[in-house]
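The next block holds one structure in the form of structure tokens; read it before the comments.
The values are calculated or read from the model by the stated rules, or taken from the named source; none is laboratory data. Because the structure is a prediction, the values reported are computed rather than measured. Virtual Cβ from ideal backbone geometry, glycine too; neighbours counted across all protein chains shown. Protein only, heavy atoms only, side chains kept; ligands, DNA and RNA dropped before computing areas. Shrake-Rupley method; radii C 1.70, N 1.55, O 1.52, S 1.80 Å.
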Amino acid sequence: MLNLNIWNVAFTVINLLVLYLFMKHFLIGPVRSILDERKQMIEHDLDEAKNRETEARQMKEQYQASIGNADEEASRIIEEARNRAAAEYEKVLAQARADAAKKMEEADRTIALEREKAMNDLKAGVAGLAMTAAAKLISEQSAPDGDRNLYNRFLAESGEGND
């Protein structure tokens, strides 16, 4: 039946131990070292990925803060531009009002001068007419020839023409 030989079992055990030691030394050792290197490389990559993720988050926060600041800056610039535009509008409007007031004053002065000139011309005309009428009246009531020469001389001096 089954025959167990101690020498046979001992050689089998010794063969298995030698095979195990060879495999451990030549196969399992290098595979384990490759696996350890691979594990370290993966851990290194994971650490690097975590660092990059942290940096990316920080950069994202900085960009968001920068965008927020840019929005605030844009709002501030727009508000400053509106204020400057309003100030410029007020300045132009004040200048236009001042120019209009100056032109109105000049127009009022011109009107007053024209009115005064017209009044002086009218007074001169009325005075001339009154003198002419008075001269005619005097000439009609006076002596015919002597006073008539006086009348013509008066007309020549006053700028009126002969009748």
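Worth pointing out:
- Of all positions in the range 118-138, none carries a residue that is farther than 30 Å from residue 157 by Cβ, among the small types (Gly, Ala, Ser) and assigned to a helix (DSSP H, G or I).
- Summed over the range 41-70, the residues that are open to solvent by 90 Å² or more (accessible area, probe 1.4 Å) and of a type in the set (A, V, I, L, M) give a count of 3.
- Any hit, the range 108-131, residues being of a type outside the set (Asp, Glu) and in contact with a helix residue (DSSP H, G or I) (Cβ under 8 Å, 6 or more places away or on another chain): yes
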